[in-house]
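J.: Before we start, here is the structure in question, set down as structure tokens.
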Amino acid sequence: MALPPLKVLSVWLKTGPIFKLLALFPVSGQDLQQARDTGGVDSHYCPSCLENMPSAEAKLKKNRCANCFDCPGCMHTLSTRATSISTQLPDDPAKTAMKKAYYLACGFCRWTSRDVGMADKSVASGGWQEPENPHTQRMNKLIEYYQQLAQKEKVERDRKKLARRRNYMPLAFSQHTIHVVDKYGLGTRLQRPRAGASISTLAGLSLKEGEDQKEIKIEPAQAVDEVEPLPEDYYTRPVNLTEVTTLQQRLLQPDFQPICASQLYPRHKHLLIKRSLRCRKCEHNLSKPEFNPTSIKFKIQLVAVNYIPEVRIMSIPNLRYTKESQVLLTLTNPVENLTHVTLLECEEGDPDKTNSTAKVVVPPRELVLAGKDAAAEYDELAEPQDFQDDPDIIAFRKANKVGIFIKVTPQREEGEVTVCFKMKHDFKNLAAPIRPIEESDQATEVIWLTQHVELSLGPLLP
């Protein structure tokens with residue numbers, strides 16, 4: 001029985017927690033680091049039409065695409081469909097002509113824009129009617145009011161700071177100083193705003209220099225004493241669940257929160273982003289994608305799964321308490337050069353061994369993994385390399401993959417079986433040298449790394 005590798009394989013960092021290989025990055029070839037929330041947004045793009053835009057434009061569009069829509073029922077992407085309709089000719093109303101019309105339709109739940117009464121369009125792109133929120137004007141006025149209020153408070157804070165600074169200035173200038181200021185025209189220079197002082201602070205009470213800012217007044221909200229009662233047949237009429245929206249559908253449209261399915265309108269599709277990652281300590285670039293949304297390549301991709309040998313569980317026997325069983329693992333070399341791997345048992349008192357529930361016996365010899373060759377995987381006539389493998393340790397060998405046996409003895413009567421061991425392997429430094437290397441010198445520096453690996457082998461059998 002083969003288990004999914006990403007759920008059973010974990011690598012223990014020096015900092016303590018356990019992470020999957022996909023969340024780890026080798027930094028300068030020395031150790032593994034986790035890069036979470038340490039990157040920036042490179043570009044915004046629509047996952048449907050692949051239109052990319054800068055961050056400022058995406059902010060104005062509220063991080064949504066202007067041309068693509070999501071189905072309000074099943075949240076899949078809506079497609080534009082064409083149909084032919086008959087229209088009367090303006091010159092001769094008695095005659096009709098066929099004309100193309102476009103509408104939005106979902107290929108999964110069969111929802112269409114005609115279900116909510118949206119008019120068809122004569123063009124395929126843009127111009128779809130959107131419902132208007134009755135509270136839009138009120139919300140916009142509140143936003144303008146509080147923006148003006150925040151600007152006034154900022155002006156008052158700047159004035160208080162300026163008043164504090166004046167207390168430490170001399171009470172008066174000498175006559176000689178005033179004469180020099182007037183003679184050489186230094187008065188205007190001294191009146192320039194200093195760093196930290198806003199123009200509005202020196203200009204006066206108005207928020208805009210040279211203009212009279214009109215104060216925005218809003219009507220306060222009034223509490224209602226009497227609440228509108230529910231209809232008389234609210235508790236007795238039958239409910240058709242197909243016409244009632246779900247909680248998820250209502251939360252996707254918080255400005256309307258439709259109750260009936262006939263009130264569902266399509267929503268603009270959310271934009272996705274491409275992010276770059278940096279190391280938390282040295283700010284080294286770990287992952288940087290291409291700017292073009294159609295490209296899936298990375299300029300820099302130092303994810304650990306591309307450089308550290310991958311451990312997978314191929315077969316697990318029936319595990320029983322205090323009985324030794326043989327588990328078949330596979331080691332895969334992700335790099336193009338030979339990799340030497342040594343599996344070591346955890347020592348007694350090792351703090352990383354706290355999750356272990358079974359005793360494990362690993363191969364005592366060093367394992368050699370062949371380099372990754374994409375062409376050799378499809379070449380059946382390729383001659384295999386002679387590694388002189390021990391059949392008691394090596395189950396099979398194919399290209400850059402090798403199967404090995406480990407012996408596991410569960411030490412607990414119930415629960416999940418978890419084994420821990422160390423994996424020591426060589427690693428070539430990925431950083432390019434600053435100065436050219438002579439032919440006699442070693443081209444790449446080989447570093448030996450040791451990783452703590454945990455494998456979850458499943459539950460015990462009675």
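J.: Roughly how many whole Å is it from the C-alpha centroid of the stretch 302-318 to that of the stretch 325-376?
T.: Taking the Cα centre of the stretch 325-376 as reference, the centre of the stretch 302-318 is 9 Å away.
J.: As a footprinting exposure proxy, order Phe421, Phe405 by other Cβ within 10 Å, with the fewest listed first.
T.: Phe405, Phe421
J.: In whole Å, what is the distance between the alpha-carbon centres of the stretch 226-244 and the stretch 58-107?
T.: Taking the Cα centre of each part, the stretch 226-244 and the stretch 58-107 sit 34 Å apart.
J.: If you stretched the chain out fully between Val227 and Val361, how much longer would it get, using 0.36 nm times the residue separation minus the C-alpha to C-alpha distance? Don't skip to the end; give the middle numbers.
T.: Numbers: separation 134, 0.36 × 134 = 48.24 nm, distance 7.37 nm.
Extending this stretch completely gives an extra 40.9 nm.
J.: Can you give me the orientation-averaged projected area of the convex hull built on the Cα atoms of the stretch 111-163, in nm²?
T.: Its Cα hull, projected and averaged over all orientations, spans 6.7 nm².
J.: Next up: Output the peptides 78-84, 90-96 sorted from most to least packed, where packing is the average of other Cβ atoms within 10 Å over each peptide's residues. Mind showing how you got there, number by number?
T.: Working: 78-84: 14.0, 90-96: 7.9.
Sorting 78-84, 90-96 by mean packing, highest first, produces 78-84, 90-96.
J.: Where a Cα-Cα gap under 21 Å defines reach, which lysines qualify for Lys297, not counting those fewer than 8 residues away within the same chain?
T.: Lys274, Lys288, Lys372
J.: I need the semi-axes of the equivalent ellipsoid of the stretch 287-393: take the C-alpha gyration tensor, multiply each eigenvalue by 5, square-root it, list largest first in whole angstrom.
T.: Its equivalent ellipsoid spans semi-axes of 32, 23, 14 Å.
J.: If the reach is capped at under 14 angstrom between alpha carbons, list the aspartates and glutamates near Lys214, excluding any in the same chain fewer than eight residues apart.
T.: Qualifying aspartates and glutamates at Cα under 14 Å: Glu144.
J.: Turning to a different aspect of this structure: Subtracting the Cα-Cα distance from 0.36 nm times the residue separation, let me have the gained length for Tyr234 to Ile273 in nm, one decimal.
T.: Gain in length upon complete extension: 9.5 nm.
J.: Using the count of nearby Cβ atoms within 10 Å as a rough guide to exposure, how do His452, His44 rank from fewest to most? Mind showing how you got there, number by number?
T.: On the way: His452 18, His44 22.
If I rank by nearby Cβ atoms, fewest first, I get His452, His44.
J.: Further question on the same structure: Relative to the present Cα-Cα distance, how much length would full extension add between Phe108 and Arg280 at 0.36 nm per residue of separation? Please list the in-between numbers first.
T.: On the way: separation 172, 0.36 × 172 = 61.92 nm, distance 4.35 nm.
Stretched fully, the Phe108-Arg280 segment lengthens by 57.6 nm.
J.: Restricting to DSSP loop positions (anything but H, G, I, E, B) with no more than 12 other Cβ atoms inside 10 Å of their own Cβ, which trypsin sites (Lys or Arg not before Pro) remain in the stretch 383-423?
T.: Values: sites: Arg397, Lys398, Lys401, Lys407, Arg412, Lys422; in loops: Arg412.
Loop-located and lightly packed - none at all.
J.: Listed here are the pairs Lys61/Lys217; Lys398/Lys424; Lys59/Lys217; Lys121/Lys269; Lys353/Lys428; Lys62/Lys160; which of them are more than 25 Å apart at the Cα? Before the final figure, lay out the partial values.
T.: Details: Lys61/Lys217 28 Å; Lys398/Lys424 21 Å; Lys59/Lys217 28 Å; Lys121/Lys269 19 Å; Lys353/Lys428 28 Å; Lys62/Lys160 37 Å.
Over 25 Å Cα-Cα: Lys61/Lys217; Lys59/Lys217; Lys353/Lys428; Lys62/Lys160.
Laboratory data are not the source of any read-out in this text; all were calculated from the coordinates shown. None of these values were measured; they are calculated from a predicted model. FYI the Cβ positions are ideal-geometry reconstructions off the backbone, even for glycines, and counts take in every protein chain you see.
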